[in-house]
Structures are given as structure tokens and as C-alpha cells.
Amino acid sequence: MGVNHVIPELLDPHCEWVSHHYGPAQPWLDVHYDACVMVGMHARWGIPDGILCHTIAGGLDIYLNDQPVGEIEVFARMLGAFGTPVVAITGDTATCAEAQAVIPGVTAIAVKRGYTNQSGQCTAPQRARQMIEDGVRTALQKITTQPLLPTTPARWRVVSHIPGFAQGLAQLPDVTLVSEDEVLIEGSSYNAGLNRIFGWPNN
């Protein structure tokens, strides 16, 4: 998995960016950031009207302390450990509803409405870009959200609909295979458990 959707030539000359995969085991998290904006997010796996819904990967039901979580909450809590609040989210209506339920006061900018996992009603790109720009600008001008802190303890449960995924995770430290498609992860910290879901053995 990689995150390479930034077009470098279109960035402001003063910008710097991290290429390839993001996650808890990354040195850029040691730098302080005033705020995080999540652009083009998806609802968690299994949401009927979430376009391309997934959590980390398609086919994973992820639970944190027995509560279902999506990428929005997963990464908001990861960033919260470093004091960074999520101030704005963009995506479809299901994504925005999920974000507002998890992060009090977040600015949610819905630019499409899902019908199924593969279809939805979308806002024209020109208008969607303007909606995002306006919403994010407002959110950053007056930051009102608070960092969402990681839970302690952090007990992860992953139910996989991907053949062999659970067995692969079970080879990592602190991961227990419950069945052929389910594992429990009880790492030394929130980020340690999250690293296991990404397939990383380090803390």
C-alpha cells in the first residue's frame, strides 16, 4: 500500500511532503503539527453507502476495545498522541457522518453521496474543489477541535475477509490467531498494535 497521490509540480514551493506509506512508525510524526486535514477519506469497511469503504485495506473489520473503528478514528487517535487535532474531513456523506460522530466539532465537507460501495452521486470537480478549499480555510482559521487521544489499553481485533491475512498477522509479536480469519492484538501501546495491522513488527 502506498500514498503517492500528491502531484509535486502543483505544490506550493514552500511545501514539503512525505512520499509513500504513512503510519505510526514514521519519523515525521515526531514533528509538531498544528492541525491535520484528511482529504478524500472513506467510511469504514462494511458501510452500505460508503463509496469504496475500507479500513486499512478492503475486507478488514477492525475493532478497538470491541468497538468498530474506521480509518478516520484510527488515524485521528494516532495523531492525537502527538498533540495534533483533526480539523477537517472531506469525502462522501457516510464518511462525513462517521467523522462527526468520532471527532466533536470537526468540519465535514461532503462532495458525494454513496449509493453502494461502487457508485454514488458526485459534485462536479470544480465546485467540489471550491467547497473543500472554503471549508478547510475556515477550519484552519479557527481551530476548535481537540486531539483525539489513543485509548489505554488498546486491544485490537481484526476480522479478515482476505484469505491468509489473519495467518500472516499471527506471525508478528503480540498477535494471537483466534480463527482462520480473526486475530487479537495486544501490543505495548496503541501504535504498537496499529503497527501489527500494517504488518510491521516494530513498536
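Scanning the range 182-196 for residues that are modelled with pLDDT of 95 or more and over 13 Å from Leu64 (Cβ atoms) yields a count of 2. Is it true that some residue in the range 187-196 is surrounded by 15 or more Cβ atoms within 10 Å (Cβ to Cβ), outside the structural domain of His42 (by TED's automatic domain parsing) and aliphatic (A, V, I, L, M)? So far as the range 187-196 goes, yes, one or more of its residues are surrounded by 15 or more Cβ atoms within 10 Å (Cβ to Cβ), outside the structural domain of His42 (by TED's automatic domain parsing) and aliphatic (A, V, I, L, M). Screening the range 148-178 for residues that are farther than 20 Å from Gly46 by Cα and without any contact (Cβ under 8 Å) to a residue 24 or more places away in the chain and picking the one that is surrounded by the most Cβ atoms within 10 Å (Cβ to Cβ) gives Val175.
For Ile62, are the conditions met, namely being in a loop (DSSP other than H, G, I, E, B) and in contact with a strand residue (DSSP E or B) (Cβ under 9 Å, 6 or more places away or on another chain)? Judged against the criteria, Ile62 is not a match.
The values are calculated or read from the model by the stated rules, or taken from the named source; none is laboratory data. In this text the structure is predicted, and so the values were computed from the model without any measurement. Cβ atoms come from the backbone with ideal geometry, glycine included; neighbour counts cover every protein chain shown.
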